[in-house]
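The values are calculated or read from the model by the stated rules, or taken from the named source; none is laboratory data. Keep in mind it's a predicted model, so treat the numbers as computed, not measured. Here the Cβ positions follow ideal geometry from the backbone for every residue, glycine too, while neighbour counts run over all protein chains shown. All accessible areas refer to the heavy atoms of the entire protein, side chains included, with ligands and DNA or RNA removed. Shrake-Rupley method; radii C 1.70, N 1.55, O 1.52, S 1.80 Å.
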Amino acid sequence: MKKIGALSFVLHSHLPYARLAGRWPHGEEWLHEAAAETYIPLLNALYRLRDEGVPIRLTLTLTPILLEQLADEVVQRNFREYMQARIEAITADIARFKAGEEKIYIELAQHYLDLHQDYLHAFDEIYGGNLVTAFRHLQELGLIEIATCAATHGYLPLLSRDESIQLQLRTAIQSYQRHFGRKPYSIWLPECAYRPAMLQADGQERKGLEAFLSEHDLRLFFAETQMVEQGKLIDLREADNEESSATFLSRVMGVIKRLIKKSKNSTFESYNVDHSNVAVLARNRKVSLQVWSADWGYPGDFAYREFHKKDGASGMRYWRVTGAGTDLGDKKPYQLEAATRTLQEHAEHFYQLVVKEASAHFQISKCEGIIAANFDTELFGHWWYEGVDWLEAVLRRFANSEEVQLSLASDYIDRCPPQKALQLPRGSWGAGGDYSVWDNEKTQWMWLVIHDAEERMEMLVKEHPSAFGVTRQILDLAARELLLLQSSDWPFLITTGQADRYAVRRFLEHVERFNQVIGQLSKEQPEMNFLAEIWERDKIFPEIDYKWYSA
């Protein structure tokens with residue numbers, strides 16, 4: 001039976017560089033929490049589906065900076081210590097609850113204890129202590145496709161030099177090849193932030209981001225809904241061909257009708273970006289908001305576990321959402337069975353929603369449409385405790401669907417190549433759809449510092465076009481610190497206030513290291529112990545080459 005549409009889950013996995021950069025409440029524990037609450041549960045679900053022969057397809061971004069950390073032996077060792085500490089804390093909870101005869105909490109704590117022991121066993125015995133190789137295995141089986149991202153999640157449109165964009169992308173691709181033994185097909189632009197070709201106030205011409213992606217043979221990226229809906233349409237079938245008067249009239253009438261109706265470009269299809277060979281796929285707003293929305297999304301259901309209330313001793317969560325606006329002190333105990341029933345209902349509801357949307361598009365277009373459901377991976381399991389189980393239930397449901405097929409994003413592009421091109425506007429998936437979450441009065445000082453570092457790096461590359469020995473080592477270290485200080489995480493955390501003091505400190509630390517490293521170039525005898533210390537402190541991207549910082 002011919003399918004009426006395709007569903008592509010696109011999960012974006014990213015955490016800031018936190019290796020050896022503090023623990024609770026901010027720092028390396030971000031990695032440990034995500035591994036314990038999202039990455040291992042997700043792997044367990046995908047491996048379970050694999051073992052049962054369930055045909056699954058999932059597109060998953062693993063950012064280069066996350067890959068480097070998950071594959072790091074220090075992070076892996078610290079994760080084991082973190083899990084042991086949680087197991088001990090939960091064990092203490094069980095003893096405390098037994099003393100107070102709190103049966104419902106005893107059962108839930110025992111559930112948590114079993115899970116943590118299972119996760120630690122899976123980490124060591126099934127995945128060999130390296131989650132990256134576990135994901136690689138699934139990609140080699142064709143069950144998932146792993147997309148890349150900019151090296152340190154740098155906000156590409158706000159970088160002042162094209163050389164910085166090249167450094168971010170080249171480093172990302174090299175890291176991807178080292179970890180997965182192949183080149184990436186697609187990329188998640190950090191924060192879905194896009195910049196078209198532009199002419200700066202100083203008269204400098206800047207290429208659109210798609211030009212950089214094309215140079216690196218990246219065929220596909222993902223955009224927020226409004227960016228595609230508001231793009232300027234170009235019909236590839238009509239471009240560069242002489243038109244008959246009838247064809248020309250038809251095209252003009254089509255444009256007029258669009259202007260009258262003020263219609264938007266459909267997000268049920270892919271588009272080439274401008275005149276490049278790079279495709280863009282937009283998030284489907286309605287389907288994604290059913291999961292994402294804070295107002296009506298699934299995670300806010302009263303039966304689900306409450307994220308914001310923690311046990312004062314162990315930090316574990318033993319309560320449910322309970323009701324709209326319920327104070328934390330009035331939260332009721334979490335009930336696993338009720339939550340499980342609810343997530344199954346939500347999985348079926350999601351299936352019916354996707355089929356309805358795909359059917360509506362098919363009735364109009366008579367073509368198979370794509371529904372891209374794009375989310376942060378950490379939403380599942382970490383923020384939304386039941387999320388991974390819900391995702392597994394959804395994958396099972398669609399595996400047997402006669403109407404909508406699960407599809408890797410790249411498979412859909414190969415099967416249904418873009419027939420149109422868009423000139424995309426600038427934008428992101430931040431609040432307001434613009435750059436303001438990262439570029440505002442709280443963060444503008446950071447961009448002045450970043451742009452100054454970019455300019456200094458440009459001068460150094462020109463002064464040392466073919467460095468070797470210690471000079472090459474210094475310049476490579478400088479390039480790495482430049483990448484780290486460019487991370488979009490630091491301005492994001494400052495704007496949101498989630499960890500603003502921590503973000504300022506981390507940003508300034510990388511700026512200081514950048515300055516200290518390049519300061520070694522002026523010394524007759526560079527401090528080799530200092531350089532070795534910096535290398536070990538920020539031990540990522542071992543193949544980095546400062547000459548990648550070039551136009």
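Here are the numbers for this structure:
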item: Region 32-83, subset acidic (Asp, Glu) and in a loop (DSSP other than H, G, I, E, B), residue nearest to Leu483 (Cα to Cα); result: Asp72
item: Residue check for Ser293: at pLDDT below 95, small (Gly, Ala, Ser) and open to solvent by less than 80 Å² (accessible area, probe 1.4 Å); result: yes
item: Residue list for region 178-218, restricted to those being among the hydrophobic types (A, V, I, L, M, F, W, C) and either open to solvent by 40 Å² or more (accessible area, probe 1.4 Å) or over 21 Å from the mean Cα position of the chain (by Cα) (or both); result: Ala197, Met198, Leu199, Ala201, Ala211
item: Some residue of region 273-282 being buried (at least 17 other Cβ atoms within 10 Å of the Cβ), at negative phi and assigned to a helix (DSSP H, G or I); result: no
item: Matching residues in region 472-496 - criterion: being in a helix (DSSP H, G or I), among the hydroxyl-bearing types (Ser, Thr, Tyr) and surrounded by 16 or more Cβ atoms within 10 Å (Cβ to Cβ); result: Thr495
item: Long-range neighbours under 9 Å by Cβ, at least six apart or interchain, first residue more than 11 Å from Ala193 (Cβ to Cβ) and touching a residue at least 12 places away in the same chain (Cβ under 8 Å) within region 147-173, second acidic (Asp, Glu) and not in a helix (DSSP H, G or I); result: Arg170/Asp545; Thr171/Glu543; Thr171/Asp545; Ile173/Asp217
item: Entirely in region 116-219, the helices (runs of 4 or more DSSP H) that have 2 or more residues that are farther than 26 Å from Asn272 by Cα; result: 131-140, 162-180
item: Filter result (open to solvent by 70 Å² or more (accessible area, probe 1.4 Å) and within 12 Å of Ile87 (Cβ to Cβ)) within region 115-144; result: Gln117, Asp118, His121
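Residue-wise test of (1) within 19 Å of Arg283 (Cα to Cα); (2) polar (S, T, N, Q); (3) modelled with pLDDT of 95 or more; (4) not in a helix (DSSP H, G or I).
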position: Tyr351; (1), (2), (3), (4): yes, no, yes, no
position: Val354; (1), (2), (3), (4): yes, no, yes, no
position: Ala360; (1), (2), (3), (4): yes, no, no, no
position: Gln363; (1), (2), (3), (4): no, yes, no, no
position: Cys367; (1), (2), (3), (4): yes, no, no, yes
position: Ala372; (1), (2), (3), (4): yes, no, yes, yes
position: Glu378; (1), (2), (3), (4): yes, no, yes, no
position: Val388; (1), (2), (3), (4): no, no, yes, no
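Conditions (1) at pLDDT 95 or above; (2) of a type in the set (Val, Ile, Thr); (3) part of a helix (DSSP H, G or I); (4) loosely packed, with under 14 Cβ neighbours inside 10 Å, marked per residue:
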position: Gln498; (1), (2), (3), (4): no, no, no, yes
position: Ala503; (1), (2), (3), (4): no, no, yes, no
position: Val511; (1), (2), (3), (4): yes, yes, yes, no
position: Glu524; (1), (2), (3), (4): no, no, no, yes
